[in-house]
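Contents: one structure, followed by commentary.
The values are calculated or read from the model by the stated rules, or taken from the named source; none is laboratory data. What you are looking at is a predicted structure, and each value in this text was computed from that prediction instead of being measured. Counting neighbours? That spans all protein chains shown, and the Cβs are built from the backbone with ideal geometry, glycine included. SASA here: full protein model, heavy atoms, side chains in, ligands and nucleic acids out. Shrake-Rupley method; radii C 1.70, N 1.55, O 1.52, S 1.80 Å.
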Protein chains: 2
Amino acid sequence: MVGFEKVANGTKGSLPSAKNTNTTNRSPDSILNLVQGDPTVFEPYWRNQGDKCTLVISGSDFMSYYSDCENICWFLQPQLADAIRNIHRDVGNAVLDDRHIVIGTGSTQLFQAAVYALSSPAGPEPISVVSAAPYYSRYPEEIGFLSSGLYKWGGDANTFDKDGPYIEVVNSPNNPDGTSRDAVVNRSEGRLIHDFAYYWPHYAPIIGAADHNVMLFTLSKCTGHAGSRIGWAIVKDIEVAKKMIKFVEFNSLGVCKESQLRAAKILETISNEYSNLGCTKTENFFEYGQRLMAERWRKLREVIKRSKVFSLPEYPKECCNFSGEFMESHPGNMDAEKLLRSHKMMGKGGKCFGVDSKYARVSVVGREEDFNLLLERISAIKGVETE
Amino acid sequence: MVGFEKVANGTKGSLPSAKNTNTTNRSPDSILNLVQGDPTVFEPYWRNQGDKCTLVISGSDFMSYYSDCENICWFLQPQLADAIRNIHRDVGNAVLDDRHIVIGTGSTQLFQAAVYALSSPAGPEPISVVSAAPYYSRYPEEIGFLSSGLYKWGGDANTFDKDGPYIEVVNSPNNPDGTSRDAVVNRSEGRLIHDFAYYWPHYAPIIGAADHNVMLFTLSKCTGHAGSRIGWAIVKDIEVAKKMIKFVEFNSLGVCKESQLRAAKILETISNEYSNLGCTKTENFFEYGQRLMAERWRKLREVIKRSKVFSLPEYPKECCNFSGEFMESHPGNMDAEKLLRSHKMMGKGGKCFGVDSKYARVSVVGREEDFNLLLERISAIKGVETE
């Protein structure tokens, strides 16, 4: 969502290069890249924290492959395990008692680890992995790119009707449309992965402590530290956890220690804010994030309300601050991605999410100046002149 | 190679938990774990560097997914790219002019990225990946664990006789036996990956700047920072590089920034030592490592020479400080791994490397006290009493 780029750099299907991400001077004909959810919106908050969350590592620290040999997840730093338990206790969004934490290089790696764990040992044919459309656009490519004999992408869960075992991914709040979700296939041979990347107070109300077999979280969306590539899974069954650990071992021989320590420090900062409730203090991170996201959504809704060419899905009121805007072009049947592109904005078209191309997603968690430009450019669209 | 563990924790085929890695008090009946090449041997060197390579990162630094959008490898920090170019220039072990650097979560991830790149798009059947035995024991499992339709493990390159395209991995100096290697299949449809994890001055003489299509290096073996999970590939063909980048994007959406910055700092420290040659100074990192490894090998050879039950391969003289010892039991036909185990040492048996079980590998890059215990225990083996 952040960043600009020359049109020539946009490569379909790849993470587009976000040229001049740190540049504040936008030229009027530069393309506003709103494809990726790069959560730089939270930078100012962390800048204001000063030294509290500064990480210092000396040259001889953490050289070993091993982090904690008492833990089945031998590459998980104990500090990070503690920080993860604390933040979930503070927020109340997940049950951790008697659960196993598996760490990964972002929830991207862990999602694949979970699919591997739930599809091993191999059955007579690859197990179908499904998710209800509109689904996160990366699921199909992450599942498909190695042509695994263990699993394959099965498409929209709403229309899945194959017999036998399957894996359903439940993404809630859902990327791209922010809806609150439950499993939809609901058959006895289903194995579930709950992707809770956005189940944090700044995006959605926390309606209870989630308690599912495999739950995925990621630092990227929780605190905005996408560059650290830290994700974690909370897993009920130790055998599933062990297979996920095996995946991370085969795939990358563990997870880098420096990022784990930084993630621990960042999460601890938030937990400390919770512990200090009652003291005179400014708003905590999630309150700050909630206020900021609500403000952006208010501005965006206002602009879109006046827009002749886009509308927003009507989210249930309790879920109103999602990190992406899933817009619908109207009058219908216009290609929303093309429409955005003709006004120098890059969004991701509905087809990537398994739905009609009249939809497109743009991210709203980028830097302030990019968000303002988004508002400005949507306001400037006069009608259906691009048809 | 480092660390001890209770027997019960040794799980065949998995990275064994190295209990008490940081403990200096070894009980006489503790098991000496010499399976993994955890390169903690270099810790004292980095401890002595003081603040020179201390990494400091504030809470708001490097939050974005992006590192350098001018680079096709958009998740590669420019500081690390520079540091990699400088260290290879200083050491003279690889050609980098007009080459692309691809960064990965350890060379483990990059090896798989290279195999993916060289096997895509899919052919009519999975392409065979081969390496001359004894080969690195992780190759077969990394290739096989997802049952990919793109590639499959093809075993010992020496006996490979299938027609059509294939991928050969050339590991030089070779893990486990330290030999200097070239490709052995040499057919026109071969695609090569050169794994140069150990092609650094402390392990082997640098006989020239290597110049191959895909060359893999890793911080773990170069400087000993295994916990950082930083590997890099030097790639000739931009299309191959792009596919490797795509793999890392699908697999983990980039590589953590903190570890990249630390790797840059560590490598720069070594390059600065090179720049300061001529000044009055102590030995540089590679000289230190070379001296230390040579000393260990001298001691080990001495102990093994007196041993009734083990011998060492005769390496060519120019390659004498390899990080692992690939021992042969004698009189022959004894299971070397079992023999070690019966004397409270865990090594990795020859079968894992595609050769006879009379061989076993033990790592010699662990901490001082572990290495000394290895010498002590091998010295104490009196004969063939375990048969």
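Does A:E295 count as more than 16 Å from the chain's Cα centre (by Cα), in a helix (DSSP H, G or I) and without any contact (Cβ under 8 Å) to a residue 40 or more places away in the chain?
Taking the combined requirement at face value, the residue satisfies it.
Give me the residue from the range A:78-94 that is of a type in the set (S, T, N, Q) and open to solvent by 10 Å² or more (accessible area, probe 1.4 Å) and, out of that set, nearest to B:D38 (Cα to Cα).
Applying the filter and picking the extreme gives A:Q79.
(1) within 30 Å of A:Y45 (Cβ to Cβ); (2) open to solvent by 30 Å² or more (accessible area, probe 1.4 Å): which one isn't true of A:D195, the others all being true?
(2)
Residues to consider are B:G208, B:G227; find the one that is free of Cβ contacts under 8 Å to residues at least 12 places away in the same chain and more than 18 Å from B:A81 (Cα to Cα).
Exactly one of B:G208, B:G227 is free of Cβ contacts under 8 Å to residues at least 12 places away in the same chain and more than 18 Å from B:A81 (Cα to Cα), namely B:G227.
For the range A:336-356, what are the residues that are in contact with a strand residue (DSSP E or B) (Cβ under 6 Å, 6 or more places away or on another chain), on the phi < 0 side of the Ramachandran plot and open to solvent by 30 Å² or more (accessible area, probe 1.4 Å)?
Result: A:E337, A:K348.
Hey, does the range A:45-53 have a residue that's part of a loop (DSSP other than H, G, I, E, B) and of a type in the set (F, W, Y)?
Checked the range A:45-53: no residue is part of a loop (DSSP other than H, G, I, E, B) and of a type in the set (F, W, Y).
Please pick out the residue among A:A117, A:A132 that is touching a residue at least 60 places away in the same chain (Cβ under 8 Å), small (G, A, S) and out of contact with any Phe, Trp or Tyr (no Cβ under 6 Å at 6 or more places or on another chain).
On inspection, the qualifying residue turns out to be A:A117.
Take the residues of the range A:218-267 that are at the interface with another protein chain (Cβ under 8 Å from one of its Cβ atoms) and outside any helix (DSSP H, G or I): which is farthest from the chain's Cα centre (by Cα)?
For the range A:218-267, the residue satisfying everything is A:L253.
In the set A:G324, A:G278, A:G332, which member is out of contact with any helix residue (DSSP H, G or I) (no Cβ under 8 Å at 6 or more places or on another chain), more than 28 Å from A:I206 (Cα to Cα), at pLDDT below 90 and of a type outside the set (A, V, I, L, M, F, W, C)?
Of the residues listed, the single one that is out of contact with any helix residue (DSSP H, G or I) (no Cβ under 8 Å at 6 or more places or on another chain), more than 28 Å from A:I206 (Cα to Cα), at pLDDT below 90 and of a type outside the set (A, V, I, L, M, F, W, C) is A:G332.
Within the range B:54-80, can you find the residues that are out of contact with any Ser or Thr (no Cβ under 9 Å at 6 or more places or on another chain) and not in a loop (DSSP other than H, G, I, E, B)?
Scanning the range B:54-80 gives a single hit, B:Q79.
Could you check the range B:24-67 and list, in sequence order, the residues that are closer than 21 Å to B:S363 by Cβ, of a type in the set (S, T, N, Q) and modelled with pLDDT of 90 or more?
B:N33, B:T40
Please indicate, with yes or no, whether at least one residue in the range B:88-101 is outside the structural domain of B:F353 (by TED's automatic domain parsing), touching a residue at least 24 places away in the same chain (Cβ under 8 Å) and within 22 Å of A:Q112 (Cβ to Cβ).
No, the range B:88-101 contains no residue that is outside the structural domain of B:F353 (by TED's automatic domain parsing), touching a residue at least 24 places away in the same chain (Cβ under 8 Å) and within 22 Å of A:Q112 (Cβ to Cβ).
Does the range A:74-82 contain at least one residue that is assigned by TED's automatic domain parsing to the domain that holds A:G190, in contact (Cβ under 8 Å) with a residue 60 or more places away in the chain, over 30 Å from A:N276 (Cα atoms) and not acidic (D, E)?
Yes; the residues of the range A:74-82 include at least one that is assigned by TED's automatic domain parsing to the domain that holds A:G190, in contact (Cβ under 8 Å) with a residue 60 or more places away in the chain, over 30 Å from A:N276 (Cα atoms) and not acidic (D, E).
Among the residues of the range A:245-296, count how many are open to solvent by 20 Å² or more (accessible area, probe 1.4 Å), within 21 Å of A:V365 (Cα to Cα) and of a type outside the set (S, T, N, Q).
7
Can you tell me which residue in the range B:29-72 is least open to solvent (accessible area, probe 1.4 Å), limited to those that are among the β-branched types (V, I, T), touching a Gly at 6+ places or on another chain (Cβ under 9 Å) and facing chain A (nearest Cβ under 8 Å)?
So, considering only residues that are among the β-branched types (V, I, T), touching a Gly at 6+ places or on another chain (Cβ under 9 Å) and facing chain A (nearest Cβ under 8 Å), the one least open to solvent (accessible area, probe 1.4 Å) is B:T40.
Scan the range B:153-172 residue by residue and report those that are part of a strand (DSSP E or B) and surrounded by fewer than 19 Cβ atoms within 10 Å (Cβ to Cβ).
Matches in the range B:153-172: B:W153, B:G155, B:D156.
Among (1) open to solvent by 10 Å² or more (accessible area, probe 1.4 Å); (2) under 22 Å from the mean Cα position of the chain (by Cα), where does A:V129 come up short?
(1)
Restricting to the range B:84-142, and then to whatever is hydroxyl-bearing (S, T, Y) and in a strand (DSSP E or B), can you tell me which residue is nearest to B:K348 (Cα to Cα)?
Checked the range B:84-142; the qualifying residue nearest to B:K348 (Cα to Cα) is B:S131.
Filter the range B:112-126 for residues that are within 29 Å of B:S357 (Cβ to Cβ) and within 22 Å of the chain's Cα centre (by Cα); which is nearest to the other protein chains (Cβ to nearest Cβ)?
Only one residue tops the list, namely B:Q112.
Within the range B:173-192, can you find the residues that are open to solvent by less than 10 Å² (accessible area, probe 1.4 Å) and free of Cβ contacts under 8 Å to residues at least 40 places away in the same chain?
None - no residue of the range B:173-192 is open to solvent by less than 10 Å² (accessible area, probe 1.4 Å) and free of Cβ contacts under 8 Å to residues at least 40 places away in the same chain, so the list stays empty.
Can you name the residue in the range A:183-219 that is small (G, A, S) and farther than 15 Å from A:A94 by Cβ and is also modelled with the lowest pLDDT among such residues?
Result: A:S188.
Does A:E258 meet the test of being within 23 Å of B:Q260 (Cβ to Cβ) and modelled with pLDDT of 95 or more?
So A:E258 passes the test.
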